[in-house]
1. Go through region 433-446 and count every residue that is in a loop (DSSP other than H, G, I, E, B) and surrounded by fewer than 16 Cβ atoms within 10 Å (Cβ to Cβ).
2. Can you find a residue that is within 30 Å of Gln433 (Cβ to Cβ), open to solvent by less than 70 Å² (accessible area, probe 1.4 Å) and not in a strand (DSSP E or B) anywhere in region 191-202?
3. Can you tell me which residue is farthest from the chain's Cα centre (by Cα) among those in region 486-516 that are within 16 Å of His173 (Cα to Cα) and surrounded by 16 or more Cβ atoms within 10 Å (Cβ to Cβ)?
4. I need a count of the residues in region 384-427 that are buried (at least 19 other Cβ atoms within 10 Å of the Cβ) and either among the β-branched types (Val, Ile, Thr) or not assigned by the TED database to the domain that holds Ile332 (or both).
5. Kindly list the number of the only condition in (1) more than 26 Å from Ser313 (Cα to Cα); (2) at pLDDT below 95 that fails for Leu419.
6. How many of the residues in region 331-375 are over 29 Å from the mean Cα position of the chain (by Cα), open to solvent by 10 Å² or more (accessible area, probe 1.4 Å) and of a type in the set (Ser, Thr, Tyr)?
7. Could you give me the residue pairs with C-beta distances under 6 Å whose first residue belongs to region 514-531 and is without any contact (Cβ under 8 Å) to a residue 24 or more places away in the chain, whose second residue is surrounded by fewer than 12 Cβ atoms within 10 Å (Cβ to Cβ) wherever it lies, and which are 6+ apart or on separate chains?
Amino acid sequence: MKFYISASGIRRVTISNSGAGKGSAATVAPARRLTSRTLLPVVLVLGIVLPFLFVRVAFLVLESAAACSSSTDCIGGWRFFSGNDANMLREELTRALLEAEVKSTNTVQGMDGSLESFDELVKELMSHRQDIKAFAFKTKAMLSTMERKVHSARQRESMYWHLASHGLPKSLHCLCLKLAEEYAMNAAARSRLPSPRFVSRLSDPSLHHLVLLTDNVLAASVVISSTIKSSADPEKLVFHIVTDKKTYTPMHAWFAVNPVESAVVEVKGLHQYDWSREVNVGVKDMIDINQLIWKHYYDNLKEEDLEEASQQSLEALSPSNLSVLNYLCIYIPELFPDLNKVVFLDDDVVVQHDLSPLWGLDLNGKVVGAVVNSWCGDDCCPGRKYNDYINFSHPIISSNFASEADRCAWLYGMNIFDLEAWRRNNITKVYQQWLKLSLDSGLGLWKPGVLSPALIAFKGHVHSVDPLWHFDGLGHRFSEAHEAALEAAAVIHFSGPAKPWLEIGSQEVRSLWYKHVNFSNRFVRRCRIMR
């Protein structure tokens, strides 16, 4: 036996046997030690794998607790790395949601309606250790509650939006006051309209006569300004403005102090008409009956929840439907006995293209030319249908107009009237007869408004014109999908609650109206009328 010793210790041992052959020997290497270099990767791997295993096991234990009747039932069923767990959870949640009936969501145990967010729902479920079925019930209940709140908020928005449309901006009120003061102090503001040299044009049948019934000075100025700018021959235009006694002085002062070039403008108040006793009685009865209809619907609406009132019902009860001027359209032949054909424009319109072709339009013997069909297709109405205005559940209406219920109603606000055909067919008399019939029938034949009884009186007397003559509905929510039709339309109409002089409308379409306001005018500046 031989030992080899070096400075670093025993390196190897060589054992020699005398009986062995020469040079035979056995070498034994020492065992390796576990160093830090080998231990560190092992610790790192275990540090990563063990937390994952712990979380996985904990999840499966919690998931299995609700599905298994005993702990031994699920021992062999745990699947540690199966991809089907998410599918099982999805199926279980779907099944639980389908079982959760809407009628029972409000009576779910612990559901008191106070949960306002998903975080609160999770905390509430964790604190009571409830299973997935309870989670589904409470989730559905919370969603139903939130859906009702969203619906209520939308109804309130619609109601407030409509109420905001009833107000008169301070700037417009100021404008009327300043103009009335000007009428009293300035002789020029009281000068005759039109001037004596143009009086003969007021009844000239060769000219283009336009009628406005309005008590809004600024709106009337926009209608006239936009019409003149768009006209190919403004010298042929004659504007007839009819207003009430209250607005007459500021309206007269505006057009006297700001004379319109080329065209002729006449301003006349209702108090200046010398009507016969029959016409006076007819007008009074018409206003009284429409006020009763308005009050009838208003009383019915008070008994209901205002939040459930539809937008159409709110619009029908607008205070504007009590305005005398709104209903005087049916008396246009009496207002202008010397005229045979006129274009009627509402005060919330803007004219974008020349209207001259309307006076040469052949109405084929009909009384009114109006847009009936829409640019959006055969199955699309430009406005609303007859059943949106008239009560077809009433036997008198259903027996006379049953086939009209789903038909498109003609648009009011830009119309060409053949006054000769109007007088020949006694349209005003038919209108009055239906008003009395409505009164005798309990005021339930139609909703309040100008167009409702007119749809009945003008039945069979409407000539459909090209849809691009009149684009309405800009007083409602404007859709960008309508931009092409908006640009092509000859007349754009801000029908609806959001009038352009109010701040509740769309800024994009309001700008189409405001570009015709003369902001350099001293009265406009004084009253701070701004875009």
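The values are calculated or read from the model by the stated rules, or taken from the named source; none is laboratory data. Owing to the predicted nature of the structure, the values given are computational and were not obtained by experimental measurement. Don't worry about glycine lacking a Cβ; one is built from the backbone with ideal geometry, like all the others, and counts go over all protein chains shown. The accessibility values were calculated without ligands, DNA or RNA, using every heavy atom of the protein model including side chains. Shrake-Rupley method; radii C 1.70, N 1.55, O 1.52, S 1.80 Å.
1. Start the filter on region 433-446 by keeping residues that are in a loop (DSSP other than H, G, I, E, B), which leaves 441-445.
Checking the rest, the ones that are also surrounded by fewer than 16 Cβ atoms within 10 Å (Cβ to Cβ) come to 441-442.
Counting residues in region 433-446 that are in a loop (DSSP other than H, G, I, E, B) and surrounded by fewer than 16 Cβ atoms within 10 Å (Cβ to Cβ) gives 2.
2. Filtering region 191-202 down to residues within 30 Å of Gln433 (Cβ to Cβ) leaves none.
No.
3. Going residue by residue through region 486-516, those that are within 16 Å of His173 (Cα to Cα) are 499-503.
Remaining after also requiring surrounded by 16 or more Cβ atoms within 10 Å (Cβ to Cβ): 499-502.
On the way: Lys499: 13, Pro500: 15, Trp501: 18, Leu502: 15 Å.
The residue in question is Trp501.
4. Result for region 384-427: 4.
5. (2)
6. Count: 1.
7. Cβ pairs passing all conditions: Tyr514/Arg531.
So that you can scan it fast, the table gives a plain yes or no per residue for (1) part of a loop (DSSP other than H, G, I, E, B); (2) at pLDDT below 95; (3) not polar (S, T, N, Q):
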| residue | (1), (2), (3) |
| --- | --- |
| Trp294 | no, yes, yes |
| Asp299 | no, yes, yes |
| Tyr327 | no, yes, yes |
| Phe344 | no, no, yes |
| Cys381 | yes, yes, yes |
